[in-house]
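Here the structure comes first, spelled out in structure tokens, and everything after it is commentary.
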Amino acid sequence: MVCMVSIPNVTLNDGAWFPELGLGTYNLNADEGIAAIVAATRSGYRLLDTAVNYGNEREVGEAVRRSGLDRDELLITSKIPGRHHGFDGAIVSVEESLKTLGLDRIDLQLIHWPNPSAGKWLETWQGLIEARERGLVRSIGVSNFTIPMLTRLVDETGVTPAVNQVELHPYFPQAELRAFHAERGIRTESWSPLARRSELLAEAVIGEVAAAHGVTPTQVVLRWHVQLGSTPIPKSADPERQRENADVFAFELSHAEISVISALERGRLWDGDPDHHEEM
Ligand SMILES: NC(=O)c1ccc[n+]([C@@H]2O[C@H](COP(=O)([O-])OP(=O)(O)OC[C@H]3O[C@@H](n4cnc5c(N)ncnc54)[C@H](OP(=O)(O)O)[C@@H]3O)[C@@H](O)[C@H]2O)c1
């Protein structure tokens, strides 16, 4: 029998429900990818994070159908790539994603990267607002947006993103951006929440906190995200590790433990500064 974890939800600024933890699907492709995503739904995952550029929207849509769950029990995120920026481009991108997913609604549609040198993220956002009005997507948000970009987006359109999905892990806790999100009612979502495993899980302080709670280092890191008020989307292809990652709602870190983990800060791990990094 599969042991299922109940992952709590929060409410986004547009009234939609949103899980406190989800599944990253980057690199989950082909039949093994579908099987891994279905396994995650059996363990209690309800938020599945894909993107046009992951090349696996077909697999995610197939996993939704094979999960045996009602469509309304799952929340699918996709993302508009740089090459589809622009008002019309955004709408066409959403329509293509729907076709590839084989679904009639995307629950959360994000702009993947702002690509500032192209200067089209504002028009892309206006296209997403239109896509929402047409009922193609339920919630709209962004990814890798900075405070000045978010400020301009809201000032010029009056529509606040529901979510900003950004690089966030104990090496890069993003305190200033999270405080801004909290003030504006934007939900933070953490990409690469385990710092892609790296040496983070072997950090002595994380090991000590894990031993104190009788949990694993991975669970400590994911619990840290949850208590910061950010939704982590760890990727795992392995059903056992997926279960371990979701099982972080039965213990609580103290303020001191959260501080000691946040003190691992050293900055971005990859070349992902949204003012310069661009993806097409
Ligand atoms: N918006 C953006 O620009 C952006 C950028 C990057 C990523 N993302 C999203 O964020 C998701 C997560 O980020 P990520 O995939 O880069 O990195 P991650 O989730 O931080 O780490 C994934 C790595 O950790 C391993 N892992 C997972 N659970 C583990 C456990 N319990 N114990 C030991 N190792 C474990 C995985 O291996 P196994 O699979 O073998 O378990 C994989 O190698 C992506 O899949 C994607 O959906 C978004």
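The values are calculated or read from the model by the stated rules, or taken from the named source; none is laboratory data. Keep in mind the model is a prediction, meaning the values are calculated, not measured. Please note: Cβ atoms are built from the backbone with ideal geometry, for glycine as well, and neighbour counts cover all protein chains shown.
Identify, from the list S6, S117, the residue that is farther than 26 Å from D238 by Cα, among the polar types (S, T, N, Q) and either more than 16 Å from the ligand (Cβ to nearest atom) or loosely packed, with under 14 Cβ neighbours inside 10 Å (or both).
Every option except S117 fails the conditions.
Filtering the range 189-206 down to residues that are within 13 Å of the ligand (Cβ to nearest atom) and over 19 Å from N27 (Cβ atoms), which residue is modelled with the lowest pLDDT?
So the residue we want is E199.
Is it the case that some residue within the range 46-69 is among the acidic types (D, E), within 30 Å of E123 (Cα to Cα) and in contact with a Gly (Cβ under 7 Å, 6 or more places away or on another chain)?
yes
From the list V205, V220, V163, V209, exactly one residue is closer than 19 Å to L47 by Cβ and in contact (Cβ under 8 Å) with a residue 40 or more places away in the chain. Which is it?
Result: V163 is the single residue among V205, V220, V163, V209 that is closer than 19 Å to L47 by Cβ and in contact (Cβ under 8 Å) with a residue 40 or more places away in the chain.
Hey, among the residues in the range 242-251 that are without any contact (Cβ under 8 Å) to a residue 60 or more places away in the chain and surrounded by 12 or more Cβ atoms within 10 Å (Cβ to Cβ), which one's farthest from the ligand (Cβ to nearest atom)?
F251
Can you name the residue in the range 220-239 that is surrounded by fewer than 21 Cβ atoms within 10 Å (Cβ to Cβ) and within 8 Å of the ligand (Cβ to nearest atom) and is also nearest to the chain's Cα centre (by Cα) among such residues?
A237
For D107, only one of the following conditions fails: (1) within 25 Å of I186 (Cα to Cα); (2) assigned to a helix (DSSP H, G or I). What is its number?
(2)
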